[in-house]
Amino acid sequence: MSAPGEDERLALAAQGGDASAAEALLEKYKNMVRGIARRFFLAGGDAEDLVQEGMIGLYAAVTDFREGAGSFSAFARVCVQRRILSAVRRAARKKHAPLNTSVPFPAAEQEPSADPEALLISGEEWGEFLRSLESALSPAEHRALLLYMEGMSVAEIAAREGRSAKSCENAVQRAKKKAAALLSEKRRR
């Protein structure tokens, strides 16, 4: 184990631009990060994702440590735990649910074909799918889905449509469910 104060000196040296000091601290404390990460579960992720978050917290500890603030190891442990806990809380929120429940469209699943006839047929099928989707959706759902597919966020759609973000989020979710149902029906035929 290192002498008292060595880690603190390394942290201050790293803040002064000594890359080898920063690397030494990251290497020394990586097992602590792994130990803390093992105690948590990340929805939609794996253990290595939590270790990465912990390493980011450790790096923040190296850059944010202040002389006279106590031991570096205690400060690093707190920074790592907070970073990992924040990652777990972010993952548990429903904020990124639209990304996690996206619906693939037929054109995105098919390999490009050099055959003009196959291209024409797939283009016709895509057009048919879009027409059936438009008839299945309400006008608000259709507009919201098109804007969402263009890359607009729900907040941007809400501002453009003059509606609440919750209303637009619901419209996008309903449209995605209807699109998924249409795709399932199309595949069964």
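The numbers here are math on the coordinates, done by the rules we state, and not lab data. Worth saying up front: this structure is predicted, and the values here are computed from it rather than measured. Every residue, glycine as well, gets a Cβ built from its backbone with ideal geometry; the counts of neighbours run over all protein chains shown.
For trypsin sites (Lys or Arg not before Pro), the sites in region 26-85 that DSSP calls loop and that have at most 14 other Cβ atoms within 10 Å are R38, R39, R66. In loop segments of region 15-59 as defined by DSSP, the chymotrypsin sites (Phe, Trp or Tyr not before Pro) with at most 13 further C-beta atoms inside 10 Å of their C-beta are F41. Extension gain, I56 to S164, is 35.3 nm, computed as 0.36 nm per intervening residue step minus the present C-alpha separation. Please find the FRET efficiency linking R187 to R34, where r is the Cβ-Cβ separation and R0 is fixed at 35 Å, and quote it to the nearest 0.05. Efficiency computed from Cβ-Cβ geometry: 0.20. Placing a label point 7 Å from the Cα of L130 along the Cα-to-Cβ line, the residues of region 142-158 whose backbone N sits under 16 Å from it are 142-151.
Each of A155, A180, L145 was scored by the projection of its Cα onto the charge dipole of region 143-189, and the greatest displacement toward the positive side belongs to A180; charges sit on the C-beta of Lys, Arg, Asp and Glu.
In sequence order, region 53-60 has phi-based couplings of 4, x, 5, 5, x, 5, 4, 4 Hz under the Karplus curve 6.51 cos²θ - 1.76 cosθ + 1.60, θ = phi - 60°, and Gly or Pro positions carry x. Across region 64-80, computed HN-Hα scalar couplings (Karplus, 6.51 cos²θ - 1.76 cosθ + 1.60, θ = phi - 60°) run 9, 4, 10, 4, x, 8, x, 7, 5, 4, 5, 4, 5, 4, 5, 4, 5 Hz from first to last residue, x flagging Gly and Pro.
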